[in-house]
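Every number in this text was worked out from the coordinates using simple rules, so none of it is lab data. The shown structure was predicted, so the numbers you read here are calculated from the model rather than taken from an experiment. No Cβ is skipped: glycine too gets one built from the backbone with ideal geometry, and neighbour counts run over all protein chains shown.
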């Protein structure tokens, strides 16, 4: 199959992932799944041991059918990289030779820069059992290797492809602290709102004789306000706290808390009354 | 089993990875393998569906036996996090609530800073099928989520644990471009060495009449030198080039190249004569 059938689509999708003589369909599928999570779509196989198509690969791809359907199979590695301008080879072993060695972050950025400049790029991954031969590494421009623990270096091809796909995605983010959904707006409440809580809480505590002996009250108030200030509560959080205080305050004089504590072991939290995928709206 | 049996070992190893009701032994094993590659060793399971120990987990861990042997099983999540000072929950879904949301890079750095300060930390991963319940996320301090393609968000727990383990390792590197083995020293050769090659090559080309017509020689020399300069060859590379030129030069007058070209298809590279794990030393 020609690699040129769909040049615009494949160029738009970022680097091609090229697996050299992959042995297990499950691994091919897991690579496809990893790619799809991070926006890559062009998977090339060089002489897969168990042939192609592979139902095991499709099952392991977990609905990344668009990647599986677009897989291209090549007889040899030279043909698989023929249309590419720049190729990384992944390897865990140091090789003699002249090739530059990059970490995955640097490699992701280099691929992004070349992609932006209109170059077609690819990343080679070797066989499950022993990786790439030296002459195969020789067909690449540079080497990428992962910062694994030297005492336990055993990434499989699906794990290695996941990390490179992830770094590819990250290299395209304006800000690597940006997430698909964001932290809630947690602007600390105004001091007026905070002081309103203090007044309410201190009034409730005063009513039940918390500030004893009287001469210690100023220090007790200081401590209480310090604790509630350091947390930098936002306005919605203050509302929750006010609701808690209100509830405790309302029930205690008429209906003092009696038996029925949730459990003996203080480390055990009570189970949620009803498990829900989205919490009920706060009243 | 108590989580306090080996506090010094576990604290030294970084965050605990906590899988809540994992269903498949294979996934537990792949998590252990991912952890071991990036220097993590403390795996905790909350109520694993198929019980523990698991031979499937051990097989999938691919010799990360030290992680599998040290697995601790807990009846509930509150017990599994009881000894920790700070906990991240991983989730792909936005949740209502007050928790900060971090990307994996930021989360790795936060875990490293807390670890360095002597805090014990952990990362929660939910069930394969639907992740964590809201009340389980509620037991964590903050949320971490991955920059996946919103159109295909399907990381499994082993993939998510791999990415967090990787970011943990990276957060401890002084320089994220540092690799376990490094690029060869590729100091560009001195100009004297480069000009030596020019003189040698130009002499050989002159001898076989390459510079024709004579008035074009200055421009041809300019171009040739420009090509060989831009590549910024290092001294060992110049030696290889000199060897090539020498070989061509030596054989051509007495033994002109005749039949026996390696192949008809110019895109096909000849197979390496003998595949070797380490290349022979350059003569």
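Comment: the Cα-to-Cβ extended label point of residue B:200, at 7 Å, lies 8.6 nm from its counterparts in the other copies, nearest first. Counting only DSSP beta bridges whose two residues both lie in the stretch A:50-197, roughly 10 percent are antiparallel.
So how much slack lies between residue B:176 and residue B:193, counting 0.36 nm per residue of separation and subtracting their Cα-Cα distance, in nm? Provide the component values of the computation, followed by the final result.
Details: separation 17, 0.36 × 17 = 6.12 nm, distance 3.40 nm.
Contour length minus the Cα-Cα distance gives 2.7 nm.
Could you tell me which of rounded, prolate or oblate describes the stretch A:7-171, using a ≥ b ≥ c as the square roots of the eigenvalues of the alpha-carbon gyration tensor, with rounded for a/c under 1.5 and, failing that, prolate when a/b is larger than b/c and oblate otherwise? Because its axes are fairly even, with a/c under 1.5, the stretch A:7-171 counts as rounded.
Shielding of peptide A:38-46 by partners, expressed as the average count of other chain Cβ atoms within 10 Å per residue Cβ, is 2. Sorted from nearest, the other copies put their residue B:213 label points 11.7 nm away, the label point being 7 Å from Cα in the direction of Cβ. Shielding by partners for peptide A:27-37, expressed as the average number of C-beta atoms from other protein chains within 10 Å of each residue's C-beta, is 3. Chain B comes nearest to the axis taking it onto chain A at the Cβ of one residue; that residue and its distance, in whole Å, are B:162, 3.
When a/c is below 1.5 the answer is rounded, else prolate if a/b is larger than b/c, else oblate, so apply that to the stretch B:144-199 with a ≥ b ≥ c taken from the square roots of the Cα gyration tensor eigenvalues. Can you show the working numbers first?
Working: a/c = 5.09, a/b = 2.82, b/c = 1.80.
Cα axes put the stretch B:144-199 in the prolate bin.
Taking each residue as 0.36 nm, the span from residue B:69 to residue B:117 lengthens on full extension beyond its C-alpha to C-alpha distance by 14.5 nm. Gap in Å between the Cα centre of the stretch A:164-210 and the Cα centre of the stretch B:33-49? Centre-to-centre distance over Cα atoms comes out at 31 Å. Distances between copies at residue A:226, taken between label points 7 Å from Cα along the C-beta direction, are 7.4 nm in increasing order.
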